[in-house]
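Worksheet for the structure shown next.
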Amino acid sequence: MSVDRSAAPVAPVAARNAHTLKPRQLIMMGLGSAIGAGLFLGSGVGVQLAGPAVLLSYLVAGALVIIVMHALGEMAAARPNRGAFSVYAADALGPTAGATVGWLWWVQLVIVIAAEAVGAAGLLATLWPSLSVPALALLFMAAFTVVNLLGVRNFGEFEFWFAIIKVAAIVAFILVGVALLLGWLPDVASPGLSNFTAHGGFAPAGLAGIGAALLVVVFAFGGTEIVAVAAAETEDPERSVARAIRTVAWRIVVFYLGSLSVIVAVVPWTSPALKSPFAAVLQAANIPGAAAAITLVAVVALLSALNANLYGASRMIQSLGQRGEAPAVFGRNDARLVPVTAVLASVLFGFVAAGLELLFPERVLPTLLNIVGSTCLLVWTIALLSQWVLRRRADRAGIRLPFRMSGFPVLTMLALAIVALIFVLLLAGPQTRVQFLSMVALTLVTPTAGAVAGRR
């Protein structure tokens, strides 16, 4: 993208990054970040809202994510930097925009870290009630703090194997579902495809249901933008990012649509069993221990997200510190090029929030998550606008880009239109309106808070 060094004081920093992430780790990180507990446990909510037509919601959300990933990939390949879309926004739209989106993303991640630790602990406690949820939550955060402090190579390897487990679980699930539908399982009758049209038809709730499901579905894809952050610490980022984007994009669609097609075909959209959709399918297939297995996979998904979010949050606040948008101490690396202070600052809030949630169950984290619930959409919007500006700037200057997003500018405009539609849906719904307005308020406050922090 544009390489105006005079307006980009972070440029030298990129050169000091440790390129220790392997391309395979980046690919699996991108894939794993889009496959979280939202798929394993939350996909049933979308089915209940839209019926079988939830597949259309996933198609729209999947298309949006693929375009955003390509836009981010184009910028990251041209200028790998730990601040990623925050740096690109500063180049394209000015330093205030860059600092705002960076701080918003950081706040979102540190809140989500706490939620994931408490969530994973709670899920394990459902299998083994004797386990202490508070102790487990704190143990998880402490363990992954150590992983992140040991260096990016260790982080990358952890994320690689976490993603492998999640991908293997999805592939196995789809294969079992196909076998069930084809009648290949012994002593289990195939439900056929009647559930696609029974119980009120393919779209029992109409366009309203598809729109409501879209709001649920789109947030399940949050986190894919971490690929742009990790690009700065990947071997041969120009080629690695392009390969990761191309590989991850189609696999996300296949895995999500494949899983949801099986769920919709096997479990009626009116069934209360959709509270745990994967377990419902495996139980229909007469697979023993289904509920426990899916619970453990969901725990892995949450811990993987915790690990990745801690990494992403620490790199973002480090970049902010290096640009003078956060205290300078956060911008420093140790001898192993690990931003120790940034890691500790990112996890500290998580410890506090998790502690408060455990003292006041179902009160602290839901409120915090509601405030930052729409932040990923704002990040995507700023990323798309930045790519629009920087791509046009590069084309005018005749700059060769190592990775060019196909279909520009039409696809960028399409993605912005989809995001605008989602914002309208958020504002129109009485339950989601508070979330949207909270995000707007946080966005307006963030530049001032960031400016104050940067002076320290």
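All of the numbers you see were taken from the coordinates with simple rules; none came from a lab. Given the structure is predicted, the values throughout are model-derived calculations rather than measurements. Ideal geometry is used to build each Cβ from the backbone, glycine not excepted, and the neighbour counts take in all protein chains shown.
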(request) Give the peptides 332-344, 196-208 in descending order of average Cβ contacts within 10 Å, highest first. (result) 332-344, 196-208
(request) Find the all-direction average of the projected area of the Cα convex hull for the stretch 284-399, expressing the result in square nanometres with one decimal place. (result) 13.1 nm²
(message) Suppose the chain between Ala273 and Leu257 were pulled fully straight at 0.36 nm per residue; how much longer would it get relative to their current alpha carbon spacing?
(response) 3.8 nm
(request) Please say if the stretch 65-196 is rounded, prolate or oblate, where rounded means a/c under 1.5 for a ≥ b ≥ c the square roots of the C-alpha gyration tensor eigenvalues, and otherwise the choice is prolate for a/b larger than b/c and oblate otherwise? (result) oblate
(message) In whole Hz and in residue order, list the ³J(HN,Hα) couplings for the stretch 121-128 that follow from phi through the Karplus curve 6.51 cos²θ - 1.76 cosθ + 1.60, θ = phi - 60°; x for Gly and Pro.
(response) 5, x, 5, 5, 5, 5, 7, 10
(request) Mind pulling the angle between the C-alpha long axis of helix 133-149 and the longest principal axis of the chain? Nearest 10 degrees, somewhere in 0 to 90. (result) 40 degrees
(message) What is the angle, in °, between the Cα long axis of helix 340-359 and the longest principal axis of the Cα atoms in the chain? Nearest 10 is fine, range 0 to 90.
(response) 40 degrees
(request) Show me 315-328, 138-151 ranked by packing, highest mean number of other Cβ atoms within 10 Å first. (result) 315-328, 138-151
(message) Between Leu185 and Glu235, what is the label-point separation in nm under the 7 Å Cα-to-beta-carbon projection?
(response) 4.2 nm
(message) With the crude spin-label approximation of a point 7 Å out along Cα→Cβ, what separation in nm comes out for Asp334 versus Arg363?
(response) 3.8 nm
(message) Quick query: amide H of Leu21 versus all other amide H atoms, modeled in the peptide plane; which residues come in under 5 Å with a sequence gap of 5 or more or a different chain?
(response) Thr234, Glu235
(request) Round to a whole angstrom and tell me the spacing of the C-alpha centers of the stretch 68-117 and the stretch 306-348. (result) 13 Å
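In cubic angstrom, how much convex hull volume per residue do the alpha carbon atoms of the stretch 17-454 span?
134 Å³
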(request) Order the peptides 40-50, 75-85, 383-393, 119-129 from the highest to the lowest mean number of other Cβ atoms within 10 Å of their residues. (result) 75-85, 40-50, 383-393, 119-129
